[in-house]
Amino acid sequence: MTWEDWRACVDVTLGGAFLTCKHAAPMLKAAGAGAIVLTSSTVGIYGYPHRAPYPAAKWGVIGLMKTLAKELGPFGIRANAICPGAVEGPRMETVMAREAAAKGMTRDAVCEGYAKGTSRRCFVEARDVAGMALFLASDAARRVSGQVIAVDGHTENPDPRL
């Protein structure tokens, strides 16, 4: 892996979260309250082999969120992170196609491996992640801050290839 490839991933993933919060925090402080919901990933909890910058950046998002929860809490601002597992859709289709090609497997075999890594034996839908984000942003979660919430169907095996 090149330094440039490492930096590109970390800059987009962690840098994007930082820049968003940097600009949102003053507005939330001025409003007197608010909620920041960052998106990490289950790889931000468990790591993932052969893709080091992505899990490193997602771990960083969790560290950023926990720090923001402490710094902004006195201003009435909550911060939490959602950690989706494998989410159905074009991005996962691309990931599975690349992995299948690299391993000489079928897309279906790779898909099955990912699904078997969760106790629910299925992928997450975008609406599952959106529902959690809506909850965390709502008054129903007014005392939830500094938390890492997995929306992943319960990851049993963080590397489904094992």
Scope segment 26-54; condition aromatic (Phe, Trp, Tyr), in contact with a helix residue (DSSP H, G or I) (Cβ under 7 Å, 6 or more places away or on another chain) and in a helix (DSSP H, G or I); matching residues: Tyr54
Residues satisfying the stated conditions in segment 48-76, i.e. under 20 Å from Val144 (Cα atoms) and hydroxyl-bearing (Ser, Thr, Tyr): Thr67
Qualifying positions in segment 63-99 - over 22 Å from Lys29 (Cα atoms) and either of a type in the set (Asp, Glu) or assigned to a helix (DSSP H, G or I) (or both): Glu88, Pro90, Arg91, Met92, Glu93, Thr94, Val95, Met96, Ala97, Arg98, Glu99
Answer from Ala8, Ala33, Ala25, Ala52 - the residue that is among the aliphatic types (A, V, I, L, M) and crowded, with 18+ Cβ neighbours inside 10 Å: Ala25
Where a residue in segment 110-121 is within 10 Å of Thr155 (Cβ to Cβ) and its partner, wherever it lies, is of a type in the set (S, T, N, Q) and surrounded by fewer than 20 Cβ atoms within 10 Å (Cβ to Cβ), with Cβ under 9 Å and at least six apart: Gly117/Asn157; Thr118/Asn157
Filter result (touching a strand residue (DSSP E or B) at 6+ places or on another chain (Cβ under 7 Å) and aromatic (Phe, Trp, Tyr)) within segment 82-127: Phe123
Residue match in segment 40-50 (condition: over 20 Å from Gly153 (Cα atoms) and modelled with pLDDT of 95 or more): no
Given (1) touching a Cys at 6+ places or on another chain (Cβ under 9 Å); (2) within 30 Å of Gly34 (Cβ to Cβ), index of the condition Arg143 fails: (1)
Residue ID - surrounded by the most Cβ atoms within 10 Å (Cβ to Cβ), chosen from residues in segment 109-138 that are part of a loop (DSSP other than H, G, I, E, B) and modelled with pLDDT of 90 or more: Glu125
Unique match (being among the small types (Gly, Ala, Ser) and touching a residue at least 40 places away in the same chain (Cβ under 8 Å)) among Gly89, Gly104, Gly76: Gly76
Given (1) among the hydroxyl-bearing types (Ser, Thr, Tyr); (2) touching an Asp or Glu at 6+ places or on another chain (Cβ under 7 Å); (3) more than 22 Å from Val129 (Cβ to Cβ), number of the condition Thr42 does not satisfy: (3)
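The values are calculated or read from the model by the stated rules, or taken from the named source; none is laboratory data. Keep in mind it's a predicted model, so treat the numbers as computed, not measured. We place every Cβ from the backbone using ideal geometry, glycine too, and count neighbours over all the protein chains shown.
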